[in-house]
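The values are calculated or read from the model by the stated rules, or taken from the named source; none is laboratory data. None of the values given here were measured: they were computed from a predicted structure. Ideal geometry is used to build each Cβ from the backbone, glycine not excepted, and the neighbour counts take in all protein chains shown.
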Amino acid sequence: MSEGLRSGQVAEAAGVNIQTLRYYERRGLLADPQRSTGGHRLYGDDAVTALRVIKAAQRLGFTLDEVAELLETGRHRHGRPVPGLQERAAAKLAEVDAKIADLTTIRAALADAVEAGCDDLTLCAASACCPIPFTDLAEENRNAGPCC
């Protein structure tokens with residue numbers, strides 16, 4: 001390989017920094033590059049594609065360990081039925097749905113707290129009408145006074 005892209009060119013084309021490129025190399029997410037006669041790393045265009053794929057998978061919520069597993073699975077599939085992208089994506093989708101449900105609940109509680117005028121966490125926790133879902137509070141500490 002006499003022609004190729006140097007580290008800075010690959011990093012720039014993929015929108016990452018050189019340290020990220022080298023880190024992914026060390027983790028085995030990228031194949032070791034060829035070397036020029038002067039010892040410079042030379043990458044093919046596939047390195048840019050691989051970096052973009054890794055970053056896209058991360059934006060979708062996959063961890064680097066999960067990305068590594070997906071890449072490894074893709075490399076060694078050879079017709080064997082092993083969990084691939086479809087299964088992993090479905091599992092990640094379920095995780096995202098659960099997070100959205102949690103965030104929706106949190107958002108509703110915070111909106112209720114704002115609407116109720118909650119201004120003091122300690123006083124709100126003691127109020128029976130506080131919309132913030134405090135748990136494990138003794139009922140005898142709750143009063144029926146005005147809300148927050």
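Summary of values
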| read-out | value |
| --- | --- |
| Complete set of residues in the range 43-56 that are surrounded by 14 or more Cβ atoms within 10 Å (Cβ to Cβ) and either within 14 Å of residue 71 (Cα to Cα) or of a type in the set (Val, Ile, Thr) (or both) | 47, 48, 50, 51, 52, 53, 54, 55 |
| Hits in the range 13-42 - residues which are among the basic types (Lys, Arg) and surrounded by 17 or more Cβ atoms within 10 Å (Cβ to Cβ) | 41 |
| Residue check for residue 123: at pLDDT 85 or above, of a type in the set (A, V, I, L, M, F, W, C) and either surrounded by 13 or more Cβ atoms within 10 Å (Cβ to Cβ) or within 20 Å of the chain's Cα centre (by Cα) (or both) | no |
| Failed item, numbered, when residue 31 is tested on (1) more than 16 Å from residue 12 (Cβ to Cβ); (2) modelled with pLDDT of 90 or more | (2) |
| Failed condition for residue 86, given (1) modelled with pLDDT of 90 or more; (2) over 20 Å from residue 20 (Cβ atoms); (3) of a type in the set (S, T, N, Q) | (1) |
